[in-house]
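Working notes, structure below.
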Amino acid sequence: MTACDNRLCASIHFSSSTWVTISDGTGRLYLIKTGKRGDAASEKWEVQIMFNEELGSPFVIAHSVSFIKSDVHSVAGLLLRVEKDELDAKGSGFYVSLEWVTMTEVDKEGADNKIYEIFKRRVLQGKSVPHYAAIEPGGDALMIVSYKPFRFMKDEENQLEENEDGKIADEKKGIDPVYYWQQTEDDLTVTIHLPQDITKDDIQIQFPPEGIIVALKNQSPLLEGKLYSSIDHESCTWIIRDNRYSLEISIIKKDEGPMWPELIVDDSRGEFIMGSSQCSAVAERLMHLTSEEMVQNPHPEKENPPCNAQELEECDIFLEDSTSLCRFDGNTLKITHVV
């Protein structure tokens with residue numbers, strides 16, 4: 001072991017009945033083949049150091065697992081670090097890093113024995129130490145239970161790993177909705193902004209059995225998809241407003257009463273605008289939650305109110321700050337399950 005000012009306690013994790021991962025507390029990781037470890041306390045290990053490499057700042061081994069894929073043996077380890085965050089002026093000033101390292105068996109020409117090299121290094125960051133973190137037995141995924149969420153980082157630049165969903169979300173930022181829609185218990189109104197110099201002859205609107213298609217002549221559809229529910233096709237109308245820059249489509253619901261949660265199934269390009277009467281109705285339903293009667297003690301003869309300050313504060317905790325169990329896929333680096 002080398003001298004290190006920021007030394008941590010050495011840690012060990014038994015990856016399997018014949019493999020062990022060890023951290024010396026200075027940032028060096030050892031992969032050791034012990035042979036079959038018996039039940040006798042006095043039995044010695046047949047120690048073979050198969051991997052020995054410096055991996056940066058000191059860490060503690062949170063978990064490790066040994067597995068075989070396509071007849072190739074690998075050992076994956078989870079390295080836990082708590083590091084300073086120079087940009088975090090308002091918070092704790094620290095972040096938690098989980099490095100997922102996979103070491104794989106390789107054949108080297110001229111080498112008598114097989115050696116192990118790093119096959120993958122992936123890093124996650126969060127703002128709280130996980131309650132539990134473990135790699136699945138087959139090395140395909142990672143399970144984390146934590147109070148604060150964890151996210152994958154890029155290996156090279158230590159920046160957030162962008163998955164396809166994140167890229168799509170970023171691309172949508174700053175882009176105006178394709179359409180706006182309102183509804184009552186009886187009908188829906190859809191408004192689409194039009195380019196200049198568009199006439200009614202340029203507009204093509206169709207209502208297939210369960211959907212809607214809005215297009216301009218010789219162009220791809222502005223709006224197309226399956227409607228959330230059935231409509232009265234014969235009663236639907238449309239008009240170009242006087243400013244000639246907006247198309248307004250009136251759609252009559254076949255089933256009066258139920259409110260639609262979305263206009264087109266799985267289409268996030270539109271924006272719902274709530275009418276003034278609907279806003280008033282929602283406010284009236286929520287009024288009892290902010291009424292002064294809620295904070296008064298309904299039983300003044302008793303000393304304790306119905307809830308104390310701590311219980312009120314717990315109501316303000318955001319969902320993303322609550323403890324959750326997340327499963328991260330090792331290939332896509334996406335969260336596949338959340339509990």
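A short reminder: the numbers here are calculations on the coordinates, not readings from a lab. None of the values given here were measured: they were computed from a predicted structure. Glycine gets a Cβ as well: all are built from the backbone with ideal geometry, and neighbour counts include every protein chain shown.
Things worth noting here:
- Under 13 Å, Cβ to Cβ, from Leu78 - net charge with Lys/Arg +1 and Asp/Glu -1: +2
- Once C-alpha pairs closer than 8 Å and six or more residues apart are averaged by separation and normalised to the residue number of the range 179-268, the relative contact order reads 33 percent.
- Close amide H partners of His73, meaning residues 5 or more places away or on another chain with modelled amide H under 5 Å apart, are Glu105.
- If the Kirkwood radius is taken over C-alpha pairs of the range 179-268, then at 20 °C and 1.002 mPa s the Stokes-Einstein diffusion coefficient equals 159 µm²/s.
- Between Lys200 and Val106, the C-beta separation translates, for a Förster distance of 56 Å, into a calculated FRET efficiency of about 0.20.
- Cut-off 18 Å, label 7 Å out along Cα→Cβ of Asp176, residues of the range 202-221 by amide N: 215-216
- Likely footprinting exposure, Glu262, Glu284, Glu105, fewest C-beta neighbours within 10 Å first: Glu284, Glu262, Glu105
- Ranking of Ile49, Ile213, Ile203 by neighbouring Cβ atoms within 10 Å, starting from the fewest: Ile49, Ile213, Ile203.
- Summed residue charge, Cβ within 13 Å of Ser11's Cβ, Lys/Arg positive, Asp/Glu negative: +2
- Neighbourhood net charge (11 Å Cβ-Cβ; Lys/Arg +1, Asp/Glu -1) for Gln48: +1
- Simple spin-label estimate for Tyr132 and Asp85 in nanometres, 7 Å along Cα-Cβ: 2.5
- Length available on full extension from Val47 to Glu117: 0.36 nm per residue minus the Cα-Cα distance, which gives 23.4 nm.
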